[in-house]
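Structure, as structure tokens:
The values are calculated or read from the model by the stated rules, or taken from the named source; none is laboratory data. Everything numeric in this text was worked out from a predicted model, so none of it was measured. Cβ placement follows ideal geometry from the backbone for every residue including glycine, while neighbour counts extend to all protein chains displayed.
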Ligand SMILES: Cc1cc2nc3c(=O)[nH]c(=O)nc-3n(C[C@H](O)[C@H](O)[C@H](O)COP(=O)(O)OP(=O)(O)OC[C@H]3O[C@@H](n4cnc5c(N)ncnc54)[C@H](O)[C@@H]3O)c2cc1C
Ligand code: SF4
Ligand code: FES
Ligand code: FES
């Protein structure tokens, strides 16, 4: 294809065709080609962290530079908490720290020493969704769902602080959470409905 | 980032640790700086457990003492502050997002580093020890219109602007003892030192923010102009403390954020406020005299207009 | 079940027509009745993947964790233009925990784009790939990146399209910086003559910014070799596209490459292409014999995975006194970055309105900036912003209401090919939208409001492709217990594909929703479906699913006839029960029937039928905005958006409304906030994070009213769906811009309409 007739569309269409490999031999892996360094181990600087996660007491060794989100996702495999900006600029990593919403990507895990952390997984009652989660399904407060755990936790934090928040209070309380799909109208509806639901029950 | 982590429980311990390590209060600014390689350190000192620094105390006619470790969210919730200093509550509510207010501290807020995108990005600018200010002739829409040079940041803290209008003082403790300075003297201009924003030397800790007892009869407000409805630094902000009498301003103070490398207050502006008539013509004359000495950059001339208009709005609203 | 047949089918995807040989059914199923007469289609149905997403149990590519998985990260150019002289990876390699490094030092030559390779030593923008490190952890990989020493010669750079077009600009390619060496041109009628004869002419220049997709889930892949089989979990909108690119790059049979994507955190077009990172991870994984996860971070997202290019558009429009639009001349250019792409934005000028004389000249210009990629309706939000701003100016000049002007110049047939539409309800959209916003209360005099906060109202039109087409297939399996599984090789970006597929099966076969499982995003199991772009997923996939379900019904009726010993013509299928109208005793439900059969499952396939010959299928609409402008601060607040569109059939009212909200909010963001800013002096981007790259938050939402004026487009397919993802975003910025003018009487011709621009414009006016 000469550069002249390149168009972006063709480029997508031909992504296969445009890419021409030069002699990459496919080999079956033999045990020898496997590369293994020492199994990942914590360095000498690792420090013990004792805290409560979703009501369970946990102690583990963490690197001082690990953020709370790192520990939740990588060590505790609680991948419901998402990391989108890793900079305290989006809210996807929102968890509750002693009942208040914080950005887990933007604090050191060690700063949670002795504290209680609740993640999206911790809202569930076994298989049963929490009322806030139910409201997000019912009112379609999501599209791709990647920001959703953070949105749900932010909504829950508002309700912990004030079980009867007004709409303005909800908007203010949810304003630290971005949604690039921009499902905002339904996110708001979901949070308002969750408040109403909790007040009825 | 990679470092060791220390969490002392007394201020003496901090001093013993030496002075080079950065202090971690809420960490919301420090972590960003470390992730972006602006601060490189092998040690971080978490000061959260330092005793007695997370309280708000009403000292009657000696004013109110705010511990630097008070979370911004707690400042908002505090009844003493709500009752005696609504300006601070109004200002604190404008800061960042709910989560960041739950994490960030008052001390950290006034000591936070600037948000200039060259400073935060990988540009080796003057503030980072380089020899170029990229904002000059560059993307300077959010930079200062007054007080700049050789660096042209604006100070990012909202609280600092309100504290300036409130004549607050800052208590600083070091191994060598304590000193108390007015907010006005706490912050510095780049021409004094282009690598820092305040007078703190390594090893010095902010241990108190002291609000003098507020005189009666003043109306206060904080207007922060942001590009999105919430969670945004000030493009321009104004903290106002005004006493009015009918359609006249008896006296008052205006402090500005987003216009200069430190929170900005001009004696000249405040003098002109005294006796200002609040009819449209007088207010227009007053506001159009503001920042006549400003030196806007290529892309931030609008800030001059904005600052004037915000003052007009404040006077219209309060008077 | 009838045999299949093959046709050459034309389909419009993102920017161009393409003709594909496609298998289509020989017995096209007739159109459905109106939604009122259907059980679940068009109703507000909660997403079936909602539980997974709100509970945190949905596993995205980003979350995948395989045993022994290693982590890879990419080193990218810190400067906009350079030639690498030497890469020294020695120090990085000796860092404990580093498993392997790939760069031009040691990687085999794999062609990428038409002009470059996987690791090119000519770096054409800040963010271009230099090396890739795999390590025990991401932290170690990142540390290793910093230890790689690069020696390079910095080259003169150009980051501005206008400058790059000039003679003196540094050349990014020897042939020059204008892609293809010349502009794209289009003409009909005689524009010059029309301008001479015109009663009114407007002429102006509009510009729009570079916008970044920034989906929340970063681009990422997890790759795993099993012998010479490669499995790739990828956050992609195009599983088949990724499969083919990876297979070609690695010179391996496509059958050995399996791409899986279950849940993805948004794409908006940036994930329509296979990224280099996926191939790098595959190479490294093979080298170290372990699974590898590779992610890019937010900064890389803002540099290197695509953008909506900027545009500078010079428009000249003419009209006669009676309100006939007589001529459009559109000249534009935009920066496409260092590699081939497209900055065209003239489609709206060519086809939005009936206009006999049109001339287009547009340039895509190479610059030392990040690459372009289709972004939700590529070319259209920028094109409509300029065109519909100019349309309002022209209407004002001849003192005609802009709504009336648009109505008058509505094209009954496609203005470029004089072909009929399968359906077009644009006039209805104008009428219903205008009524809902209260158009008759619009300011007659722009800027007439007293006080510092001024209100205004504006509108703009929308046109886009849509309708989809073949090839697109679905497989339906019915199990012994009457539960079903429907499989398609497409993907759900958050758009609701999972849910509408289950709805269709339920609609046809009455299988309860909770007994229908939908499998998407796996090239090993899903029959081919097109990639998810251009609003083509629902119109392409929904008819195939319906076809499969109807075929299943035919099979079941045949089976029931044999089981009940009834005549087929007497059997009816109602609510999942087959009964013999001639003998009420004879009836059987689906689980009952399945239990009688030897087979554990029955399988049918379904295909999308061909698009009708000689007709054009497009989506249309209009959006109306109510804004207020604070003239003291320059801040624009959008109070209400009414969106009235012809998008064919609504499959699910709940997810449809959500799609519209999202598109409109992204349009609002494009109109007012978001913008990539490149420092002209260094050629580097200054806002690579989500705080400085501003997008709206929940407090910025206006009231949004979505009106769908269409019932269905029965000529297009058996479901009559046209698609709604892109239409939603197209007219928003233009409607807001026109409303702003109506509020303040000053026209803002540059996006985004940030407060500084508005304030300066007001103070210069
Ligand atoms: C996305 C984002 C948006 C933001 N928006 C706003 C905004 O709109 N308005 C606003 O005002 N701020 C804003 N901020 C800043 C935020 O409010 C500050 O990060 C926060 O207040 C800092 O508090 P901290 O306790 O977390 O500080 P830390 O990060 O712990 O510390 C900040 C700095 O202060 C020093 N420090 C802390 N405490 C002391 C002390 N007692 N004595 C001496 N030095 C000390 C630290 O060493 C460090 O250098 C924003 C921040 C982010 C990340
Ligand atoms: S304004 Fe200051 S911080 Fe910003 S680039 Fe210039 S010197 Fe650096
Ligand atoms: S990921 Fe933590 S705030 Fe964005
Ligand atoms: S649902 Fe996709 S980012 Fe919010």
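This table checks each residue for (1) farther than 29 Å from residue C:65 by Cβ; (2) touching a residue at least 12 places away in the same chain (Cβ under 8 Å).
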| position | (1), (2) |
| --- | --- |
| C:254 | no, no |
| C:266 | no, yes |
| C:273 | no, yes |
| C:276 | no, yes |
| C:284 | no, yes |
| C:291 | no, yes |
| C:312 | yes, yes |
| C:317 | yes, yes |
| C:325 | yes, yes |
- prompt: Quick check: is even one residue across segment B:118-133 in contact with a strand residue (DSSP E or B) (Cβ under 8 Å, 6 or more places away or on another chain), within 24 Å of residue B:303 (Cα to Cα), within 16 Å of ligand 2 (Cβ to nearest atom) and in the same structural domain as residue B:201 (by TED's automatic domain parsing)?
  reply: no
- prompt: Looking at (1) over 32 Å from the mean Cα position of the chain (by Cα); (2) assigned to a loop (DSSP other than H, G, I, E, B); (3) surrounded by fewer than 16 Cβ atoms within 10 Å (Cβ to Cβ), which is the only condition residue C:151 fails?
  reply: (2)
- prompt: Got a sec? Which helices (runs of 4 or more DSSP H) wholly within segment A:142-201 have at least 3 residues that are buried (at least 24 other Cβ atoms within 10 Å of the Cβ) and within 16 Å of ligand 3 (Cβ to nearest atom)?
  reply: A:148-161
- request: Spot the failing condition for residue B:68; the list is (1) assigned to a helix (DSSP H, G or I); (2) in contact with a helix residue (DSSP H, G or I) (Cβ under 9 Å, 6 or more places away or on another chain); (3) over 27 Å from residue B:151 (Cα atoms), and only one is missed.
  value: (1)
message: For the condition closer than 30 Å to residue C:135 by Cα and either over 29 Å from the mean Cα position of the chain (by Cα) or not in a loop (DSSP other than H, G, I, E, B) (or both), what is the one hit in C:107, C:22, C:58?
response: C:107
task: Identify the residue in segment B:105-136 that is at the interface with chain C (Cβ under 10 Å from one of its Cβ atoms) and part of a helix (DSSP H, G or I) and, among all such residues, is farthest from ligand 1 (Cβ to nearest atom).
output: B:118
- line: Reported set for segment C:306-330 where residues are within 18 Å of residue C:190 (Cα to Cα) and either assigned by TED's automatic domain parsing to the domain that holds residue C:619 or under 25 Å from the mean Cα position of the chain (by Cα) (or both) is C:330
- prompt: Can you find even one residue in segment C:464-482 that is in a helix (DSSP H, G or I), touching a residue at least 60 places away in the same chain (Cβ under 8 Å) and more than 16 Å from ligand 1 (Cβ to nearest atom)?
  reply: no
Members of segment B:146-173 found to be closer than 19 Å to residue B:270 by Cβ and away from ligand 1 (no atom under 16 Å from the Cβ), listed by number: B:146, B:147, B:167
task: Collect the residues in segment C:47-63 that are within 26 Å of residue C:102 (Cα to Cα) and facing another protein chain (nearest Cβ under 9 Å), keeping them in residue-number order.
output: C:62, C:63
statement: The condition of being more than 14 Å from chain A (Cβ to nearest Cβ), within 17 Å of the chain's Cα centre (by Cα), within 15 Å of ligand 1 (Cβ to nearest atom) and within 20 Å of residue B:44 (Cα to Cα) holds, among B:188, B:209, B:199, B:205, only for B:205
Elements of type helices (runs of 4 or more DSSP H) contained in segment C:255-369, each with 1 or more residues being within 26 Å of residue C:387 (Cα to Cα), modelled with pLDDT of 95 or more and in contact with a helix residue (DSSP H, G or I) (Cβ under 7 Å, 6 or more places away or on another chain): C:347-351
query: Failed condition for residue B:159, given (1) farther than 26 Å from residue B:93 by Cα; (2) buried (at least 24 other Cβ atoms within 10 Å of the Cβ); (3) in contact with a helix residue (DSSP H, G or I) (Cβ under 7 Å, 6 or more places away or on another chain), with all others met?
result: (1)
Options B:37, B:29; residue that is away from ligand 3 (no atom under 16 Å from the Cβ) and either in the same structural domain as residue B:172 (by TED's automatic domain parsing) or out of contact with any strand residue (DSSP E or B) (no Cβ under 6 Å at 6 or more places or on another chain) (or both): B:37
message: Checking the conditions here, which among C:176, C:180 is part of a helix (DSSP H, G or I), more than 16 Å from ligand 4 (Cβ to nearest atom), on the phi > 0 side of the Ramachandran plot and surrounded by fewer than 23 Cβ atoms within 10 Å (Cβ to Cβ)?
response: C:180
- line: Within segment C:702-722, of all residues that are under 25 Å from residue C:638 (Cβ atoms) and in a loop (DSSP other than H, G, I, E, B), the one nearest to the other protein chains (Cβ to nearest Cβ) is C:702
- prompt: So which residues in segment C:683-701 are more than 7 Å from chain B (Cβ to nearest Cβ), out of contact with any helix residue (DSSP H, G or I) (no Cβ under 7 Å at 6 or more places or on another chain) and assigned to a loop (DSSP other than H, G, I, E, B)?
  reply: C:683, C:691
message: From the list B:80, B:9, B:28, B:41, exactly one residue is part of a helix (DSSP H, G or I) and either under 21 Å from the mean Cα position of the chain (by Cα) or more than 10 Å from chain A (Cβ to nearest Cβ) (or both). Which is it?
response: B:80
message: Among the numbered criteria (1) at pLDDT 95 or above; (2) touching a strand residue (DSSP E or B) at 6+ places or on another chain (Cβ under 7 Å), which one does residue C:667 miss?
response: (2)
query: Take the residues of segment C:211-237 that are assigned to a loop (DSSP other than H, G, I, E, B) and surrounded by fewer than 22 Cβ atoms within 10 Å (Cβ to Cβ): which is nearest to the chain's Cα centre (by Cα)?
result: C:228
- prompt: Pick from A:121, A:156, A:169: which is more than 10 Å from chain C (Cβ to nearest Cβ), within 17 Å of the chain's Cα centre (by Cα) and more than 16 Å from ligand 2 (Cβ to nearest atom)?
  reply: A:156
- request: For segment C:528-542, indicate whether the set of residues that are surrounded by fewer than 24 Cβ atoms within 10 Å (Cβ to Cβ) and either touching a strand residue (DSSP E or B) at 6+ places or on another chain (Cβ under 6 Å) or part of a loop (DSSP other than H, G, I, E, B) (or both) is non-empty.
  value: yes
statement: Scanning segment A:112-136 for residues that are surrounded by 24 or more Cβ atoms within 10 Å (Cβ to Cβ) and assigned to a helix (DSSP H, G or I) gives A:112, A:120, A:132, A:133, A:135, A:136
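This table checks each residue for (1) over 24 Å from the mean Cα position of the chain (by Cα); (2) under 30 Å from residue C:20 (Cβ atoms).
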{"residue": "C:520", "(1), (2)": "no, yes"}
{"residue": "C:550", "(1), (2)": "yes, yes"}
{"residue": "C:560", "(1), (2)": "yes, no"}
{"residue": "C:564", "(1), (2)": "yes, no"}
{"residue": "C:567", "(1), (2)": "yes, no"}
{"residue": "C:575", "(1), (2)": "yes, no"}
query: Just a yes or no: is a residue in segment C:640-648 away from chain A (no Cβ under 12 Å) and within 30 Å of residue C:80 (Cβ to Cβ)?
result: no
